[in-house]
Amino acid sequence: EAGWNYHEGEAGGPDEWHVNFTDCGGVMQSPIDIITEDAVYSPILPYFDFTNYRITRGVKLTLINLGGHTAEVLYQGAPIYLQGGGLPAEYKLIQFHFHWGAEDKVGSEHFIDGEHFPMELHLVHQQKTLANLSVAEKHPFGLAVLGFLFQVSEENNTKLEPLLKYFNQIAYPDAEIHLDTFPLIDMLPENFRKLDFYRYYGSLTTPPCYETVIWSLATEYIKISESQLNVFRGLYESKDIHLVNDFRPVQPLNKRIVITTKN
Ligand code: BO1
Ligand code: ZN
């Protein structure tokens, strides 16, 4: 498989992804800069129901430094179905991962009105009836990714500790560690019952950039302290290069429309 990286202007960087991964040059790519004034309010777009995000019994969580590209938690066991949100099928959680910057002023993949954020969480769901992620990512509407932006807070966000306390054990690419299970709902913003979001049709934000993702980006932020961000920044992408700035530049919206629950 051809290599790729996030180093702008270098060999294998985002400007070159389309050479080995044709879809990365498509017209429905992600991430995007969401212009809130242009987003169309949809009175029929329902909120998500995160009830299943409380499940802990029969769950296996594996934290992985995924090829030096991201920190990812693989979700296995008792399925978490994502309900509501006006999705065209039923979706189940497969993994979640993060994108972050070397400094607070960058890190998120999506922008809102030109503003970026220090980190972004992606909860990756696949259509329940498809065999696996590799099948789903090639299937129209095969994936539903729910994105959350982070906002720097003075205090530590204790809800992130069940995850962060294991990061010293995945410092290098492909290291993985079994996590003690915790309710994933704990990571979400407090108002998860009435979570406004932006919705558009786009792509995987990494190669192979397949245009099969229904994106939902929450308008509510997750809090994280500077020292907690530094735990992410302490990972490595190779022997002596830190894993930081693992975000793709924003892509043109082209003819797409962003809809929203926010009136
Ligand atoms: S994201 O949520 O759009 N950032 C996203 C991006 C890529 C994947 C899922 C969600 N999927 C996997 C592919 C693998 C690939 C890997 C690279 O990304 O299934 O084939 O190697 O990290
Ligand atoms: Zn992602």
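None of the figures in this text is laboratory data; all of them are computed from the coordinates on show. This structure is a prediction, so every number in the text was calculated from the model and none was measured. Because the Cβ atoms are built from the backbone with ideal geometry, glycine has one as well, and the counts that use them run over all protein chains shown.
Here are the numbers for this structure:
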item: The chain: translational diffusion in µm²/s, Stokes-Einstein, Kirkwood Rh over Cα pairs, 10 °C, 1.306 mPa s; result: 85 µm²/s
item: Residues His110, His69 arranged by fewest to most Cβ contacts within 10 Å; result: His69, His110
item: Links that overshoot a 28 Å alpha carbon limit, given the list Lys159/Lys239; Lys60/Lys128; Lys165/Lys262; Lys60/Lys138; result: Lys159/Lys239; Lys165/Lys262
item: Difference of contour (0.36 nm per residue) and Cα-Cα distance, Ser153 to Thr56; result: 32.2 nm
item: Least to most buried among Leu184, Leu130 (fewest other Cβ within 10 Å first); result: Leu130, Leu184
item: Loop-resident sites, region 143-178, for chymotrypsin sites (Phe, Trp or Tyr not before Pro), counting at most 13 other Cβ within 10 Å (DSSP); result: none
item: Proximal charge balance of Tyr172 [Cβ under 11 Å; K/R count +1, D/E count -1]; result: -3
item: Normalised convex hull volume, region 121-172, alpha-carbon set, Å³ per residue; result: 139 Å³
item: Cα→Cβ-extended label distance, 7 Å offset, between Asp15 and Phe182, nm; result: 4.1 nm
item: Spatial separation of Cα centroids for region 135-196 and region 75-90, in angstrom; result: 16 Å
item: Rounded to the nearest 20 debye, dipole of region 162-239 from Cβ charges on Lys, Arg, Asp, Glu; result: 120 debye
item: Trypsin sites (Lys or Arg not before Pro) lying in DSSP loop within region 67-133, provided at most 14 other Cβ fall within 10 Å; result: Lys105, Lys128
item: Candidate aspartates and glutamates for bridging to Lys92, where Cα separation is under 14 Å - those fewer than 8 sequence places away on the same chain excluded; result: Asp49, Glu137
item: Antiparallel bridges, percent of DSSP beta bridges restricted to region 134-263 (to nearest 5); result: 55 percent
item: Farthest toward positive dipole pole in the chain [+1 Lys/Arg, -1 Asp/Glu at C-beta], among Ile94, Gly25, Pro173; result: Ile94
item: Test item: Cα-centred dipole of the chain, Lys/Arg +1 and Asp/Glu -1 on Cβ, debye; result: 1080 debye
item: Whole-Å semi-axes of region 93-152's equivalent ellipsoid (Cα gyration tensor); result: 28, 11, 8
item: Most mobile of Thr62, Thr129, Thr206 in a GNM of the chain (Cα contacts under 10 Å); result: Thr129
item: Positive-end extreme of charge dipole, the chain - chosen from Met119, Phe182, Phe148 (charges on Cβ); result: Phe182
item: Mean shadow area of region 1-88, taken as a quarter of the surface of its Cα convex hull (nm²); result: 9.2 nm²
item: Fewest-first ranking of Ser238, Ser216, using other Cβ atoms within 10 Å as the exposure measure; result: Ser238, Ser216
